[in-house]
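The structure under discussion appears below in the form of C-alpha cells.
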Amino acid sequence: MFKKAKKFPLLVTTLAMTVVLAACGSGSDSTGSGNTDNTGTKLSGSILAVGSSALQPLVDQAGQDFMEVEGNEDITVQVQGGGSGTGLTQVADKQADIGNSDVFAEEKLDADQAKTLVDHQVAVVGMSAVANKEVGVTDLTQEQLVDIFTGKITNWKEVGGADQKIVIVNRPASSGTRATFEKYALGQSAPDLQGAIQEDSSGTVKKIITETPGAIGYLALSYLDDSITAIKYNGIEATVENIESGTYPVWAYEHMYTSGDPNEVVKAFLDYMLSDEIQDTYVVDLGYIPVKGMQVVRDAEGNITEK
C-alpha cells in the first residue's frame, strides 16, 4: 500500500516555513481507510494538521508522499504551524483534523478538553540549549540554566565564559518546545524577561543565535551543527543514544492528536506516519527518534519507566 519514502539530506530550513501541501480544508467529507473504504470506494477527502513547528517538517514530507500513493489521488493534506497550543486548541474545537504537539494535551488544555482527544505518538524529539559560538561555554548545570533564563545570571563570565552580555532567545507561551525545555531542562517556568528575543520559528531562532553575540536559546537536535554551540546538560550531551536510554532528560514525544477516533482517511494517514516507510527514513533523516527505539516510557506527569 505504501510508497517507499525517499532518502534526502537534512532539511533544517523546513521548520521555518509553513508548507502548504495541498488545498485547504478539514476532513469532514473524508471516508475510507487505506486506498479504499470497506466497500472498495476510492479514498477522498482533505486533512488539515495544525500545530507544532518542531513536528511540521516530518508531517509535511510524509503528507506529500501519502498523497502520491496510488489510490490517494483524491486526498489533500495541508500542514500548518502555529505552535502546540494552537494545534491542540484547534483540534479540540474541531477546526482541524489533527493537532500536532510536542506536549501531552493535559499540559495545555483543561481536563475536559484533553479527555476528548486521542493521542497518536509518531516520534520523539530531543532538545538542547544552544548558544552563539563565541560565548566560550559548552556545559551548564540545571541551576545555571535556571539562573540564566530567570535573569539572575546576565553575563557569560559568571559561568566561566566570555565577558559578554547574555541575550535570551525564547519561544512564545503557546510553544510546545518552550514547555518541554522549561519542564525537563529548567524544572520550572521562566518569565518573559525584558530585552529577551521571542521567536517561534526554529530556523529563525537558530539564525538569531548564530548572528547575535552572547545569544542563548534551545533547539531540536535536528538543528544542531557547527554554526552554534550545543550546551551539555549537567555534563550530559544531547545525543540519540543518551535520549533513548533516558540518560539525557530533555526530550518529548511528538503527538498527533485527533478529536475522538479519527475518520478513515485521517486514520490511513496516521497509519502511514507510523509505517516503517516513514519511521525508518524521514523520522531518522530529519533528526527525530523513532518511538520504537526508546528504552524508556514517559507519561504526562513526566514519570519515566523502563520498557
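Of the peptides 55-68, 179-192, the order by per-residue mean of other Cβ atoms within 10 Å, starting with the highest, comes out as 55-68, 179-192.
Within straight-line reach of Lys165, meaning a Cα separation under 19 Å, sit the following aspartates and glutamates at least 8 residues removed in sequence or on another chain: Glu134, Asp139, Glu143, Asp147, Asp192, Glu211. Residues whose amide H falls under 5 Å from that of Gln95, counting only those 5 or more places apart or on a different chain, are absent, with hydrogens built in the peptide plane.
Sort the range 157-214 into rounded, prolate or oblate with this rule: let a ≥ b ≥ c be the square roots of the eigenvalues of the Cα gyration tensor; rounded if a/c is under 1.5, and if a/c is not under 1.5, prolate when a/b is larger than b/c, oblate otherwise. In terms of gyration-tensor shape, oblate.
A dipole drawn for the range 78-118 from +1 and -1 charges on Cβ atoms has a positive end, and of Ser84, Ile98, Ala114 the residue lying farthest that way is Ile98. What percentage of all Cα-Cα pairs in the range 57-99 are separated by more than 13 Å? For the range 57-99, the fraction of Cα-Cα distances above 13 Å is 58 percent. Cα convex hull, the range 195-265: 174 Å³ per residue, rounded to a whole number. A compact globular protein would have a Cα radius of gyration near 2.2 N^0.38 Å; the ratio found for the range 116-211 is 1.16. Can you tell me what the convex hull of the Cα atoms of the chain projects to on average, as an area in nm²? So the mean shadow area of the Cα hull is 15.2 nm². The radius of gyration of the Cα set in the range 75-134, together with its Dmax, comes out at 14.2, 49 angstrom. Over the chain, dividing the summed -39,500 (n - 2.57) contributions of all DSSP H runs of at least 4 residues by the number of residues returns a 222 nm mean residue ellipticity of -6500 deg cm²/dmol.
Quick one: net charge of Thr141's neighbours, Cβ under 12 Å, K/R +1, D/E -1? Before the final figure, lay out the partial values.
Working: positive: Lys232; negative: Asp139, Glu143, Asp147.
Net of charged neighbours comes to -2.
The ratio of the alpha-carbon radius of gyration of the range 152-307 to the globular-protein estimate 2.2 N^0.38 Å is 1.18.
When the square roots of the Cα gyration tensor eigenvalues are ordered a ≥ b ≥ c, the ratio a/c for the range 47-180 is 1.5 or more and a/b exceeds b/c, which makes its shape prolate.
Using only alpha-carbon positions in the range 109-150, the gyration tensor eigenvalues give semi-axes of 35, 16, 8 Å once each is multiplied by 5 and square-rooted (largest first).
Note on the range 220-307: the C-alpha convex hull projects to 7.4 nm² when averaged across all orientations.
For the peptides 220-231, 92-103, the ranking by packing is 92-103, 220-231, with the highest mean count of neighbouring Cβ atoms within 10 Å listed first.
Values in this text are rule-based calculations from the coordinates and carry no lab data. Computed from a predicted model, the values in this text were never measured in an experiment. When we count neighbours, we look across all protein chains shown, and the Cβ atoms used for this are built from the backbone with ideal geometry, even at glycine.
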